[in-house]
Amino acid sequence: MRVEFAFILVALSTGADCGRYTPPTNPREYDFPYTSRVPNVRDLIEHAGFRHDQYKVITGDGHILSLHRLSPPGLHSKRRGVPVLFVNGYCFQSEGWMGLGRNTSLPFILTDLGYDVWLGDERGSSRSIGHIKYSLDDVRTYSYTFHEMGIYDLPAFIDHILRETGHDRLLYVGLSLGSGIFTILESELPAYRQKVIGAVFLGPAIHLTNWQDGSLIYYGILRVFDSMIEAQIKMKKWLLLANEPVIKTALQSCSLVPVNLYLSGCLTGIGLNFGRFTGNMNATTGGVQLASVVTSTSVFVSKHLFQVLKTGEFRKYDYGNKKMNMLMYGTEKPPKYDLSKIKTPLLVMYGSVDNMAAPDAVERSIEDMTSSPMERYLLDNFNHIDFLFGRRAPKEVYVRVVDFFDRLTASYRPNNIVDQSKPANTGVTRRDKN
Ligand SMILES: *[C@@H]1O[C@H](CO)[C@@H](O)[C@H](O)[C@H]1NC(C)=O
Ligand SMILES: *[C@@H]1O[C@H](CO)[C@@H](O)[C@H](O)[C@H]1NC(C)=O
């Protein structure tokens with residue numbers, strides 16, 4: 001039975017006015033500080049006046065991932081607040097979380113309020129490619145789907161953060177597939193429930209709209225994309241968007257096109273699955289923001305995601321033949337992820353014009369998450385990337401995230417704070433100097 005401590009549907013976008021974060025009233029404070037050069041995660045963090053530390057984390061199956069930490073300037077206290085782990089969506093990397101200004105991007109807001117913010121780059125993204133045993137041209141370096149992101153990448157990030165901070169639990173924020181892989185973690189490895197206080201799902205990609213139900217043009221673009229993936233697999237090119245500079249230049253050039261053309265044509269054409277133009281993004285910086293967030297991924301991750309798009313259901317990877325599925329799962333059809341196993345308190349926000357995480361699909365996922373205490377908001381005229389880049393995000397999304405985290409942590413007492421002047425047990429991790 002659903003336990004809901006607050007069930008609120010917001011049809012009209014009236015922001016919330018509660019809690020410790022008040023979005024600035026000066027529109028200039030919403031400006032993304034880069035208009036031409038595409039910044040990386042370090043540029044963005046340091047530009048905002050924080051220290052950036054990058055860690056390499058090794059997963060249980062041998063993949064080498066990047067994890068970033070923000071520290072306030074002049075931090076002397078050994079004790080830090082409750083850790084928050086951010087994980088971005090399909091083909092998106094950590095840069096995207098800082099897609100608004102210094103006072104209006106969620107990692108900066110939470111750091112200002114005393115939280116200890118970490119950003120994880122999942123396997124296959126540009127800084128998280130590599131394996132301890134296999135070389136970069138070995139197919140085994142890319143032989144995984146998003147299932148492994150859920151059962152290996154998230155545990156590696158979480159365990160590293162808890163070991164490094166001495167906390168025994170953390171908070172989680174996932175956009176799109178970053179939410180989907182969290183549900184995989186909880187349904188497949190229930191022990192991890194003990195390590196998470198609460199999670200925020202923004203435009204969650206769990207069940208998706210069956211693409212064949214979608215509009216003609218959306219269906220057409222997906223079909224082209226789907227055959228591109230198959231072609232790449234045949235050519236043994238295991239990374240999708242490996243030609244990043246080309247893509248980034250294309251995205252960046254969107255900003256050079258006059259406003260209306262850009263937002264209605266250029267951006268919408270490339271990112272149709274993000275949902276229709278809402279006017280929430282700044283046209284001058286939109287191309288640079290997108291260029292900084294897009295990254296590579298494995299073709300098999302893409303293949304798995306397209307299986308979800310073709311069936312509408314969040315199931316395990318389909319090997320494409322009954323015998324193999326039978327061998328792997330004991331059933332001819334891959335099993336659904338058991339969303340009823342998710343027990344962590346959730347804050348779910350989704351946009352009314354998001355094509356990727358469309359309201360009907362998100363609501364089907366919500367229906368299946370029968371045992372998590374949940375708050376949910378449907379945001380009017382909000383698309384998939386407005387959660388990162390939309391100027392309404394601070395007022396309508398981030399205020400609620402801060403409030404949710406503050407309420408959850410008000411009763412949380414860490415019982416295992418270690419003295420951080422001693423080096424943390426680095427185990428399988430090492431500090432990346434660079
Ligand atoms: C952020 O807020 C502080 C305090 O209100 C203000 O002094 C500063 O100018 C703001 N920063 C930006 C980049 O708008
Ligand atoms: C968009 O961003 C640019 C660059 O930061 C800024 O100068 C401009 O005022 C912003 N436009 C709007 C409509 O806010």
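With K and R counted +1 and D and E -1, the other residues having a Cβ less than 12 Å from that of Y142 yield a net charge of +2.
Could you give the alpha-carbon Rg of the range 27-409 over 2.2 N^0.38 Å, rounded to two decimals? Before the final figure, lay out each step's value.
Details: Rg = 19.5 Å, N = 383, 2.2 N^0.38 = 21.1 Å.
Relative to the 2.2 N^0.38 Å estimate, the range 27-409 comes out at 0.92.
Close amide H partners of L170, meaning residues 5 or more places away or on another chain with modelled amide H under 5 Å apart, are V196, I197. For the range 301-425, the average shadow cast by the Cα convex hull is 12.0 nm², which is a quarter of the hull's surface. Once the other residues with Cβ under 11 Å from the Cβ of D226 are scored (Lys, Arg +1; Asp, Glu -1), what is the net sum? Once positives and negatives cancel, what remains is +2.
Cross-link pairs exceeding 26 Å between alpha carbons, from the set K133/K195; K195/K336; K336/K395: K133/K195; K336/K395.
Partner aspartates and glutamates whose Cα lies under 17 Å from the Cα of K236, excluding those fewer than 8 positions away in the same chain, are identified as D137, D138, D226.
Once the piece of chain linking M235 and D406 is laid out straight, how much longer is it, given 0.36 nm per residue of separation minus the C-alpha distance between them?
On the way: separation 171, 0.36 × 171 = 61.56 nm, distance 4.98 nm.
That pair, M235 and D406, stretches by 56.6 nm at full extension.
The string of couplings for the range 52-69 from the Karplus curve (6.51, -1.76, 1.60, θ = phi - 60°) is 10, 10, 10, 10, 9, 10, 10, 7, x, 9, x, 8, 9, 10, 9, 9, 10, 10 Hz, one whole number per residue in order, with x for Gly and Pro.
Where a number appears in this text, it was derived from the coordinates with a stated rule and is not lab data. All values derive from a computational prediction rather than experimental measurement. Virtual Cβ from ideal backbone geometry, glycine too; neighbours counted across all protein chains shown.
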